[in-house]
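To start, the structure itself, in structure tokens.
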Amino acid sequence: MIIDMHAHICDMRSPNNMACAPLTAENLVERLDADGIDKAAVLPWAVCPEGVTFQMLFAPEQDVVGQIRAAARHPDRLILFGNADPRWGGNLPDTDFSWLLERFVEMGCVGMGEVSANIYFDDPRTINLFRQCGKWKLPVTIESTGPGSGGYGFIDDVGSPRFERLLRAAPDTIIIGHGPGFWAEIAGGLTPEAKSGYPAGPVSEEGSIQRLFRTYPNLYADISARSGYNALTRDSEYGVRFIDEFQDRLLFATDVCYADADELARTGQLALMKRLLAEGGIAQAVFDKITCKNALRLLRRYGRAYT
Ligand SMILES: [Zn+2]
């Protein structure tokens, strides 16, 4: 079985790319069929004001609950996630999210994300939300960027010191790394500008994520989007070693944002895993973990009755 751990079903167009085809639950299932993927986790977008592009407000399912209900029409194919912004409920460091998280669990959600607020990873409001997600056994997928505000995704400095503080402050919460600010850290010697981009070239020294994986058992990562694909392919020899060492923490995922996305966006990550398997770079057991077994292990609520 193959599980895409990072999919969307909302209208992610912006006013300057309205020619793209928006996502729906139905065309997501069509994509899974076409690309040989059994299931996909649907991450509602966009709960954070920085991620909202205006046409989304006019879309059929422009809110989190609408997207969960739409995904729930395909229970055998789509895995439900909730989502929240750490600033919801009063913009306080001690907001009680339990009413919301309980509703998500009742609806069948088994994870949260992608949480993409453009605030610090170690902001008390972030830590508060993430700790509560852990109490509800909900893993959280994050979106990340570099230093300074602007755009969407959690803000961090080179070396991921703020992300590390969050991992340490919420040890009972499984946190799934994603986005440029996370994956640029596969290599050391990063400039602040490169952290929010897609740095190329060989990985001549480790970045922060190897150390974080070795130190914090609550850290996982999805290999989706250009950021994940770039990190694993910028130095193909090192990429194989990285996948092998962290085979228990990596999750196949795509992050397809449009129904008419190009071939690389749709199938790049899966084609990479299949190629490495065929060439003997990774074992079948590693392929199975990354494409399915790791996801099933961390989705502690998936397939289980409400408890
Ligand atoms: Zn995404």
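The values are calculated or read from the model by the stated rules, or taken from the named source; none is laboratory data. Predicted model only: the values in this text are computed from it and were never measured. Backbone-built Cβ (ideal geometry, glycine too); neighbour counts: all protein chains shown. These area figures cover heavy atoms from the full protein model, side chains too; ligands, DNA and RNA do not enter into them. Shrake-Rupley method; radii C 1.70, N 1.55, O 1.52, S 1.80 Å.
Computed values, structure above
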{"read-out": "Euclidean distance between Cα centres, region 208-284 to region 1-78, Å", "value": "21 Å"}
{"read-out": "Per-bin percent of Cα-Cα distances, the chain [10 Å]", "value": "6, 30, 38, 23, 3, 0"}
{"read-out": "The chain - mean residue ellipticity at 222 nm from DSSP helices (-39,500 (n - 2.57) per run, n ≥ 4, rounded to 500)", "value": "-10000 deg cm²/dmol"}
{"read-out": "Spatial extent of region 1-153: Rg and Dmax, with the Cα atoms as the point set, Å", "value": "15.4, 45"}
{"read-out": "Accessible carbon and sulfur surface of region 1-147 relative to its total accessible area, %, 1.4 Å", "value": "56 percent"}
{"read-out": "Scattering curve values for region 1-68, log₁₀ I(q)/I(0), Debye with Cα scatterers, q = 0.17, 0.27 Å⁻¹", "value": "-0.62, -1.21"}
{"read-out": "Pairwise FRET efficiency - ARG103 versus ALA169, Cβ, R0 = 22 Å, nearest 0.05", "value": "0.30"}
{"read-out": "Pairwise FRET efficiency - ASP63 versus ALA19, Cβ, R0 = 22 Å, nearest 0.05", "value": "0.35"}
{"read-out": "All lysines inside 27 Å of LYS274 as judged from Cα atoms, apart from same-chain residues fewer than 8 positions distant", "value": "LYS39, LYS289, LYS293"}
{"read-out": "Cα gyration tensor shape of region 178-269, rounded if a/c is under 1.5, else prolate or oblate by comparing a/b with b/c", "value": "prolate"}
